[in-house]
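Below is one structure, written out as C-alpha cells; the observations come after it.
Nothing in this text is a laboratory measurement; each read-out follows from the coordinates by a stated rule. What you see is a predicted model; the values in this text were computed from it and never measured. Quick reminder, even Gly has a Cβ in these numbers, built from the backbone with ideal geometry, and neighbours come from all protein chains shown.
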Amino acid sequence: MRFLFGLILFAAIITHAEIRTAYVEYSDGETVLEGFIAWDDSKSGKVPGILIVHEWNGLNEHSLARAEKLAEEGYFAFAADIYGKGIRPKTMQESAAQAGKYKSDRQLLRSRVIAGLNKMKEFSQVDQAKIAAIGYCFGGTTVLELARSGAEISGVVSFHGNLDNPKTEDAGNIKTKVLVCHGAADPFVPAEEVNAFTEEMNREKIDWIMISYGNAVHSFTNPGAGNDPSRGAAYNASADERSWEDMKLFFSRIFK
C-alpha cells in the first residue's frame, strides 16, 4: 500500500509541471525577430504573461533560462528579441555597438519592445489583464522605456539596468507600476543617475520601488558574468536570489 501511494505521489510530481518551450518568429516592420516562449502545459485557463528583455549580448542562455524559470512559477514567458533574428553579438565590442544603436534611438527601442509585447498578447494562454515586463542590464533600460511609452500593462521590473532618460518628461506617460532591482555597488549606474531617476519618478508621482542590494555590481543575476566584482560586473548569488523573490512578491501584488 505504501509502495502504491509512493507511485501515485511520484506521478503527481511528474505531471505537476509540463514545461514547453519554442522559438517564435515575429517582426517589427520589415525586421524579422526571433523570440522564445515557455509555459506550463499542465495548467488550464489563462495565466499572467511576462515579457523578458535580454542583456546587451542579445537573446542568450540567460534569457532562455529565466523564461523557463518563470514558466515553472506558473507564468507564460516570452523572451523578446530586440536586435533581430540571427544577430547575437559574440564580443563586448559587438554587444556595445548593438546596444548603443538602440540606446541612442529610444523610439526604435520602444518599437522593438512593443513588437514583442504585441506578439506575446497573441498567445491564447495569456491573461490580457495581467501582463508585466522584466529586463536585464540593456533589457532593464528597455522595459523602463516600455513604461515611458505609456504601455498599459501591470508592471515592469528592471534588473541591474541603466536608469538614464534622455526625455525626462516622458515619465509622465507611465501608467504601470515600477520595480528597480539595483546593485548598490554598480559602477555603471552612478549615484547621479540613481538620483535623477528618483526625482523623475517622484515628480510624476509614479508607483515605484527601488531595492538596492549591498555589494552587488552590474550583471549580478548572471552566472556568466564571473565572480570578480572589481571588473564592475559579476554574479552575486545572494542578490540574484533575493531580487527574484522581490520580483515574485511584486507580481503577487500587481496581479491580485
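Charged neighbours of ILE52, selected by a Cβ distance under 13 Å, balance to -2 (K, R count +1; D, E count -1).
Could you tell me how far the Cα centroid of segment 35-80 sits from the Cα centroid of segment 155-193, in Å? Their Cα centres are 22 Å away from one another. Springs join every pair of Cα atoms under 10 Å in this Gaussian network model of the chain, and among ASN57, ASN236, ASN173 the largest mean-square fluctuation is at ASN173. Mean residue ellipticity, 222 nm, helices only, the chain: the sum of -39500 (n - 2.57) across DSSP H runs of n ≥ 4, divided by residue count and rounded to 500, is -12000 deg cm²/dmol. Ordering 220-227, 93-100 by mean Cβ neighbour count within 10 Å, with the highest value first, yields 220-227, 93-100.
Considering only DSSP states other than H, G, I, E and B, which chymotrypsin sites (Phe, Trp or Tyr not before Pro) in segment 48-131 qualify as loop sites with at most 15 other Cβ atoms within 10 Å?
Sites meeting the loop and neighbour criteria: PHE123.
Please identify which residues in segment 241-256 have an amide N closer than 19 Å to a label point set 7 Å out from the Cα of MET210, following the Cα→Cβ vector. Backbone N within reach: 243-244, 246-247, 250. The mean sequence distance of close C-alpha pairs (under 8 Å, at least 6 residues apart), as a share of the length of the chain, puts its relative contact order at 14 percent. Axis angle, to the nearest 10 degrees, between helix 191-203 and the longest C-alpha principal axis of the chain: 80 degrees. Spin-label model, SER124 to ASN195: label points 7 Å out along the Cα-to-beta-carbon direction sit 5.5 nm apart.
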